[in-house]
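The values are calculated or read from the model by the stated rules, or taken from the named source; none is laboratory data. Since the model is a prediction, treat every value here as computed from it, not as a measurement. Backbone-built Cβ (ideal geometry, glycine too); neighbour counts: all protein chains shown. With ligands, DNA and RNA removed, areas are computed over all heavy atoms of the protein, side chains included. Shrake-Rupley method; radii C 1.70, N 1.55, O 1.52, S 1.80 Å.
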Amino acid sequence: MIATCWGAWLDGARLPCAIGRGGMTDDKREGDGASPRGFHRIAGLLYRADRVVRPAPWAQAIGPGDLWSDDGRDPEYNHAVRAPHGFGHERLHRADRLYDIVLLTDWNWPDAVPGRGSAIFLHRWRKPRHPTEGCIAFRPDHLLRVAARLHPGALIEIR
């Protein structure tokens, strides 16, 4: 799969997608809103079992206490953590539908370097082509298709 500012390609088909508000970068930094160019591996698949059917056998359900650390001071920076959590974090179990299905990449993971930027996810878009904070976002039906086709270790390219 290749994601670019023009769309994503999966099995020869073009899927519209959104990238970070900061465009693409070769020098990703925390808070820059950019999507990091390069090859990234799929490291996990999360889903909201109360909202969607399990998209693949290897997917793990997201619960109300599931968070993602985005605080460079946190020893668990750029890793899944559980509430309560004393450092800055993002809720994975969101009120909106953005994280109903989330593919995790290996960007700055598992050996996270503070300041290089936390997780790059593949997730649902807010509205067509609306910029993300650096992640790659898709139309809901396309995201389901991507989640069903990719597997742990699958390589994606952002360019």
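Quick rundown of the values:
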read-out: Pair list, Cβ under 9 Å, 6 or more apart: region 134-147 residue closer than 19 Å to residue 21 by Cα, other residue in a loop (DSSP other than H, G, I, E, B) and β-branched (Val, Ile, Thr); value: 134/19; 134/120; 135/19; 135/120; 136/19; 136/120; 137/19
read-out: Residue 33 being over 17 Å from residue 123 (Cβ atoms) and assigned to a loop (DSSP other than H, G, I, E, B); value: no
read-out: Lone unmet requirement of (1) under 15 Å from the mean Cα position of the chain (by Cα); (2) loosely packed, with under 14 Cβ neighbours inside 10 Å for residue 84; value: (1)
read-out: Which listed residue, of 136, 158, 120, 101, is β-branched (Val, Ile, Thr), touching a helix residue (DSSP H, G or I) at 6+ places or on another chain (Cβ under 9 Å) and crowded, with 22+ Cβ neighbours inside 10 Å; value: 101
read-out: Search result, residues across region 120-157 that are assigned to a loop (DSSP other than H, G, I, E, B) and within 20 Å of residue 79 (Cβ to Cβ); value: 120, 133, 134, 135, 152, 153
read-out: Options 37, 48: the member that is out of contact with any helix residue (DSSP H, G or I) (no Cβ under 7 Å at 6 or more places or on another chain), over 19 Å from residue 114 (Cβ atoms) and modelled with pLDDT of 95 or more; value: 48
read-out: Pair list, Cβ under 6 Å, 6 or more apart: region 50-72 residue at positive phi, other residue of a type in the set (D, E, K, R) and open to solvent by less than 40 Å² (accessible area, probe 1.4 Å); value: none
